[in-house]
Amino acid sequence: MFIGPFALANSLFVAPMAGVTDRPFRQLCKRLGAGYAVSEMVTSRRDLWDTLKTSRRANHDGEPGPIAVQIAGTDAAMMADAARYNVDRGAQIIDINMGCPAKKVCNQWAGSALMQDEALALSIIDAVVQACSPSGVPVTLKMRTGWCQSHKNALSIALAAQDAGVQMVTVHGRTREQGYKGAAEYDTVAAVKAALHIPVVANGDISSPEKALEVLTRTGADAIMIGRAAQGQPWIFREIAHFLATGEHLAPPLLSEVKRLLIEHLHDHYSLYGEFSGVRTARKHIGWYVRELPGGEAFRNSMNALEDSASQVAAVAAYLDRLSERMDRIPARTRDADAVQTTVTPSVSITPTPDRTEVAL
Ligand SMILES: Cc1cc2nc3c(=O)[nH]c(=O)nc-3n(C[C@H](O)[C@H](O)[C@H](O)COP(=O)(O)O)c2cc1C
């Protein structure tokens, strides 16, 4: 799969998640089988570009390319400026956020609120594509199925975006009104895929290898994007890749591997955020890693009392070592109750490389 000139390692994408998919987490997901990751959104407000928060979000040190930066905003000229600014700082792909339902974003008429005003949305898309075209940087778009149940306009925006020069569209199978409630639907994603000639990515509620196969089959999408299910289990990408290639499940990771990955993640996290913020923002990641492990809830709560990185790492190591005395591997996560049993045989071609697996879906 390609985005513009960029060949991707496979068609399993990490969804952009503000406060989660920072550079350390994206890198970890890529190491563990994700073929592509988009950064957390960066505001189009120039006055905020010099803040610590934005500079951390713009950190791509050592990240395997292509480097994709997501921008969010409400004004075409400012979005074009933001695109140019990020391209000048190394972005190889610019993604427009038209999918985020966060009040902070939508109250300012950005994110998925833009889907309510197609003319404004298209003026932003046009301006960003024009801004990126001199440098040959592809522009992609991430959106929801529409504003609300009675206003599902993903298809018309996707078609117009394609005409404007957008090179890939991702659709999260929920409306803005739904937030994260209810279940994602994939018929709209399938309709968008059927109508477009550029790659279309399906997103929403993909949390197991079976669900990944089901969504790929139902939508015909070129790729799938995984958000919440990757929190605390970045190895989900290799598990899905393996299942799509072989129809069989990989064993869950060994506790010794989880310990190594989590501790590496923590050190990389502290190096980006510094000691004080790093320890505090790492707590949520630790909580996700341990949430389904025996005693995980109590362990997560105990993290709040630790205020320095050395004690945090030592506590994580001791907890996972204690568990290793009882079990080799983490327990298999509960599979989706709603995953449709499908008789479709996985049909994917796999090209193994020394350190990652390439899947062409
Ligand atoms: C904590 C969090 C932060 C998110 N931040 C962004 C964001 O910055 N940009 C964006 O386009 N979507 C954002 N999303 C939406 C996700 O990219 C994705 O579309 C959504 O979570 C559905 O996918 P999932 O069911 O696999 O999680 C965010 C979601 C979560 C849970």
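Throughout, read-outs are computed from the coordinates displayed, never taken from laboratory work. Computed from a predicted model, the values in this text were never measured in an experiment. Quick reminder, even Gly has a Cβ in these numbers, built from the backbone with ideal geometry, and neighbours come from all protein chains shown.
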| In the chain, what is the count of Lys pairs whose alpha carbons are under 24 Å apart, counting only pairs at least 8 residues apart or on separate chains? | 29
| Expressed as cubic angstrom per residue, what is the convex hull volume of the alpha carbon set of the chain? | 135 Å³
| Which residue, R174, R228, R144, has the most motion in a Gaussian network model of the chain that connects Cα atoms within less than 10 Å? | R228
| Where the centre of each part is set by its Cα atoms, how far does the stretch 20-73 sit from the stretch 155-170, in angstrom? | 23 Å
| message | What's the magnitude of the charge dipole for the stretch 2-246 around its Cα centre, counting Lys and Arg as +1 and Asp and Glu as -1 at the beta-carbon? Answer in Debye, nearest 20. | response | 540 debye
| Span-rule helices in the chain, defined as complete DSSP H runs reaching 20 Å or more along the axis (Cα) with Kyte mean at least -0.5 | 118-132, 255-290, 309-324
| note | Output ordering of 118-130, 202-214 (per-residue mean of other Cβ within 10 Å, highest first) is 202-214, 118-130
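Using helices alone, I'd like the mean residue ellipticity at 222 nm for the chain: each DSSP H run of four-plus residues gives -39500 (n - 2.57), total over residue count, nearest 500.
Working: 12 runs with 149 residues, N = 361.
So the calculated ellipticity at 222 nm is -13000 deg cm²/dmol.
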| By the scheme Lys and Arg +1, Asp and Glu -1, what is the net charge of all other residues having a beta-carbon under 12 Å from that of L120? | -4
| task | Could you please report the charge total around Y85, scoring K, R as +1 and D, E as -1 over all other residues with beta-carbon less than 15 angstrom from its beta-carbon? | result | -1
| query | What fraction of the DSSP beta bridges in the chain is antiparallel, stated in percent and rounded to the nearest 5? | reply | 20 percent
| Most mobile of T175, T217, T140 per a Gaussian network model of the chain (Cα springs, under 10 Å)? | T217
| Between Rg and the Kirkwood Rh of the stretch 133-191, both from Cα atoms, what is the Rg to Rh ratio? | 1.05
